[in-house]
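Quick notes on the structure that follows.
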Amino acid sequence: MSSPSLSPARIPVNATQPPAFVFPIRIYYEDTDAGGVVYYANYLRFCERARTEWLRSLGFGQRQLLEAGGPLFVVRSVRADYLAPARLDDDLTVISTIHDVRNVSVLFFQRIFRGDKLLFTAEVRIASVSPGNGRPVPWPEAVRVRLNDQLSIH
């Protein structure tokens, strides 16, 4: 099996949708459990990295947003399905799409593949909260516009 490119990319899902974000992950020893398979919580870490890098590719590093007085991005909810195990040295691909943008939250659909085999799916709702008190706050206009530009249509 050939290794995927180690740099993230955006690829079209189909001609009528904006691009999905594609993020490669290689499985290291530290990612596995005693049975040699990826520890279940690490799939969520891989999805977190993909979302963070997608936002960064759109021009919104989380540290820069905070330094500019922007919100924190926090996970509000997760629904995950573990379909097949990943193992040491596997090259995986996290494919992320945005399916709902609200005033204070965004719904990401994320899938993790090994080649063409689907291993994991998740729906992750991210909320925008004030760093001072943790209460929901609207997305900054520039962030909301860019997220809406990435919105996938079912």
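The values are calculated or read from the model by the stated rules, or taken from the named source; none is laboratory data. Keep in mind that what you see is a predicted model, and the values were worked out from it rather than measured. Note that we place each Cβ from the backbone using ideal geometry, even for glycine, and neighbour counts take in every protein chain shown. Heavy atoms of the whole protein, side chains included, go into the accessibility calculation; ligands, DNA and RNA do not. Shrake-Rupley method; radii C 1.70, N 1.55, O 1.52, S 1.80 Å.
Couple of notes before you dig in:
Conditions (1) over 19 Å from Leu83 (Cβ atoms); (2) among the hydroxyl-bearing types (Ser, Thr, Tyr); (3) more than 19 Å from the chain's Cα centre (by Cα), marked per residue:
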site	(1), (2), (3)
Cys47	no, no, no
Ser57	yes, yes, no
Gly61	yes, no, no
Gly70	yes, no, yes
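- Failed item, numbered, when Val104 is tested on (1) closer than 19 Å to Arg144 by Cβ; (2) among the hydrophobic types (A, V, I, L, M, F, W, C); (3) modelled with pLDDT of 95 or more; (4) within 15 Å of the chain's Cα centre (by Cα): (4)
- Residues that are over 19 Å from Ser128 (Cα atoms), open to solvent by 60 Å² or more (accessible area, probe 1.4 Å) and modelled with pLDDT under 90 occur at least once in the range 16-30.
- Looking only at residues in the range 66-105 that are within 26 Å of Gly35 (Cβ to Cβ) and basic (Lys, Arg), the one that is least open to solvent (accessible area, probe 1.4 Å) is Arg87.
- The single residue among Leu66, Leu107, Leu88 that is free of Cβ contacts under 8 Å to residues at least 40 places away in the same chain and not aromatic (Phe, Trp, Tyr) turns out to be Leu107.
- Meets criteria (modelled with pLDDT of 95 or more and either farther than 25 Å from Arg87 by Cβ or surrounded by fewer than 18 Cβ atoms within 10 Å (Cβ to Cβ) (or both)) for Tyr43: no
- Subset of the range 110-127 (residues that are in contact (Cβ under 8 Å) with a residue 60 or more places away in the chain, over 20 Å from Leu147 (Cβ atoms) and touching a Lys or Arg at 6+ places or on another chain (Cβ under 8 Å)): Phe120
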